[in-house]
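Read the structure below first, then the notes.
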């Protein structure tokens, strides 16, 4: 499996389901693009989802069960129902149509996975994933990094004078292999060990 970024503005997304996983992925997509067209199919809804629908006019919601024809004109499919057989059916149809499909109930039916995103600043994101093996591990790792390292990373980027507006900021490899970086690495490793011992 390989990580890559894709501009989803030009695609139509179909989300089948309205549970916690569906809402979480819906929010993630909306945070990445406000222009994307989203089709949401589910026989049920709740207060949280109703608010999301109200606040985002680019979502078309149909309150009913999935139909095969729902897949037409969509390029990214998310099968997020609480019925694994329905999700599998959606996956089979999507693969036959050569579409991107993520089955929330069975990673083997998926041809792409969601990653856990760590936002460093307006220019830099870090993407964590477990190759679909254990998404909660990626999430927990992201939270750990956010709580412990994010402020330090931001400070390091600031003092290193790396200019995100330039393709080549002029920072040499020697600077990254400097004594300061090596000392920081030792200090961070020792700090983690000491915390875990307590």
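The values are calculated or read from the model by the stated rules, or taken from the named source; none is laboratory data. These figures come from a predicted structure and were not determined experimentally. Glycine also receives a Cβ, built like all others from the backbone with ideal geometry; neighbour counts cover every protein chain displayed.
As an exercise: evaluate residue 8 against (1) surrounded by 13 or more Cβ atoms within 10 Å (Cβ to Cβ); (2) without any contact (Cβ under 8 Å) to a residue 24 or more places away in the chain; (3) within 24 Å of residue 117 (Cα to Cα) and give the number of the one condition it does not meet.
For residue 8, the failing item is (2).
Might you let me know whether segment 72-82 holds any residue that is without any contact (Cβ under 8 Å) to a residue 60 or more places away in the chain, assigned by TED's automatic domain parsing to the domain that holds residue 13 and surrounded by 12 or more Cβ atoms within 10 Å (Cβ to Cβ)?
So far as segment 72-82 goes, no, none of its residues is without any contact (Cβ under 8 Å) to a residue 60 or more places away in the chain, assigned by TED's automatic domain parsing to the domain that holds residue 13 and surrounded by 12 or more Cβ atoms within 10 Å (Cβ to Cβ).
Give me a count of the residues in segment 90-106 that are surrounded by 18 or more Cβ atoms within 10 Å (Cβ to Cβ) and part of a helix (DSSP H, G or I).
Looking only at that region, the number is 3.
Please indicate, with yes or no, whether at least one residue in segment 27-39 is surrounded by 14 or more Cβ atoms within 10 Å (Cβ to Cβ), assigned to a loop (DSSP other than H, G, I, E, B) and assigned by TED's automatic domain parsing to the domain that holds residue 102.
Yes, segment 27-39 has at least one match.
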